[in-house]
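Structure first, commentary second.
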Amino acid sequence: MTGFVSLRAESQSGNFVLFTKRPPPPQSPPLAGGKLAPLSPPACRGEACPPPVERGELSHFVKFAKVLQRKSVFFCVNLRPRKSMSGNEITVTIAKQEQENGMSLKFTKHTAEVFVPDQTPMAEALERTTHMAIGAHQDDLEIMAFDGIMQCFEHEERWFCGVVVTDGSGSPRNGLYANYSDEAMRTVRRQEQKKAAVIGEYTAQVLLDHSSASVKDKTNPAITEDLIRLFQATQPDVVYTHNLADKHDTHVAVALRVIEALRRLPTAARPRRVYGCEIWRNLDWMVDDDKIAFDCSTHENLQMALLGVFDSQISGGKRYDLATMGRRRANATYYASHDMDTSTGMTFAMDLTPLINDTDRAISAYVLEFIERFAQEVTKQLERLQ
Ligand SMILES: [Zn+2]
């Protein structure tokens, strides 16, 4: 493949930076993990001429495809690739100029924070996100979204972004933490979440810092607005959040805000898959055909490390770490009654993608369909055996 590649994309300012991945010159040391060489000044044959190309990281191919679907700016790049280049090596990606310039994300709470463990500039860290998990509390992501963390761990082109919506100030406390004020608990829980982000090598950990009450207040638009800004900056391919049959009000409220935010995005900017995961009430009750089953057999050490850093919740007597590992083991063993265990850990999720693809679909009716299928399965079994 030689010559011009035509690209279409959009941004608020109309400015883009283009990158292409090229093989390193012979005799030179190999470039680390997808480093990019600058393109020569691009020749433009379209309506808008792109700015000079700068150096940057290769982004995920899916993101590139998504940008292409938007089609509002047109420009051309002369790639001049070598004959030996494979399909991957001629991947071209587009990043918004304003993000490269360190565009600051404005959240509704001025105390919100974006923590980037490897100190990559914030905009770049958010932009490289491929998997995103959004949970109500510090520790929810590590309990429900280990699949996403593991999919990205030590993977060159996949990055996990964690989002915690509440501030942790109302957390239960005991033992060492019994006399901590709400503000001290907030600080401790924030710190614990950052420790998890370091262990799990997240691209970023976003702490939106809302009160639980404001998350549950359905007249409050702030959480949905914050999430829309985040989705625009990250454009994840896969999103994990709470399932809609969870018994914790704040969890369900977060899932509803996530769905609302995703529905308000342009179709092309929505993730490919959205999963509702288990914490307070597992999803073993769903019929097997409805279960999204994630294999969590590997890296038990990492799983335990990620769960174990939340000392302020565990040391008071709630062994979320042991309970979560036990549930993963139980899910794997009880998933199939006749087969030998091929997996030693499993988490289940409810597929929420249809609610994002069809923005008119009633949410409660959708959840009731899962319950109805469970009821039918139990009824049929009893009728068959009675
Ligand atoms: Zn929670």
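The values are calculated or read from the model by the stated rules, or taken from the named source; none is laboratory data. All of these numbers come straight from a predicted model, not from anything done at the bench. For neighbour counting, all protein chains shown are included, and Cβ atoms are generated from backbone atoms with ideal geometry for every residue, glycine included.
Observations on the structure shown:
- Just one of the numbered conditions (1) under 30 Å from TYR177 (Cβ atoms); (2) without any contact (Cβ under 8 Å) to a residue 24 or more places away in the chain; (3) in contact with a Ser or Thr (Cβ under 9 Å, 6 or more places away or on another chain) is not true of ARG327: (2).
- Screening TYR335 on (1) modelled with pLDDT of 95 or more; (2) closer than 20 Å to LYS291 by Cα shows it passes everything except condition (1).
- Residue pairs meeting the criteria (Cβ under 7 Å; at least 6 apart or on separate chains; first within 15 Å of ASP288 (Cα to Cα) and free of Cβ contacts under 8 Å to residues at least 12 places away in the same chain, in the range 360-383; second surrounded by fewer than 12 Cβ atoms within 10 Å (Cβ to Cβ) and aliphatic (A, V, I, L, M)): none
- Taking residues in the range 241-264 that are on the phi < 0 side of the Ramachandran plot, and partners anywhere that are among the charged types (D, E, K, R) and within 11 Å of the ligand (Cβ to nearest atom), the pairs with Cβ atoms closer than 8 Å and at least 6 places apart or on different chains are HIS242/ASP140; HIS251/ASP140; VAL252/ASP246; ALA255/ASP246.
- Note on the range 121-142: residues that are surrounded by fewer than 24 Cβ atoms within 10 Å (Cβ to Cβ) and either within 16 Å of the ligand (Cβ to nearest atom) or under 28 Å from ASP249 (Cα atoms) (or both) amount to 0.
- Check on ILE279, within 16 Å of the ligand (Cβ to nearest atom), touching a helix residue (DSSP H, G or I) at 6+ places or on another chain (Cβ under 6 Å) and free of Cβ contacts under 8 Å to residues at least 24 places away in the same chain: no
- Test for ALA332: is it part of a helix (DSSP H, G or I), without any contact (Cβ under 8 Å) to a residue 40 or more places away in the chain and over 22 Å from GLN303 (Cβ atoms): no
- The set of residues in the range 357-368 being surrounded by 12 or more Cβ atoms within 10 Å (Cβ to Cβ) and over 20 Å from MET144 (Cα atoms) consists of ASN357, THR359, ARG361, ILE363, TYR366, LEU368.
- The one condition in (1) closer than 21 Å to ASN282 by Cα; (2) surrounded by fewer than 20 Cβ atoms within 10 Å (Cβ to Cβ) that ALA184 fails to fulfil: (1)
- Qualifying residues in the range 101-117 (those that are more than 16 Å from GLN191 (Cα to Cα) and among the charged types (D, E, K, R)) - the one farthest from the ligand (Cβ to nearest atom): LYS106
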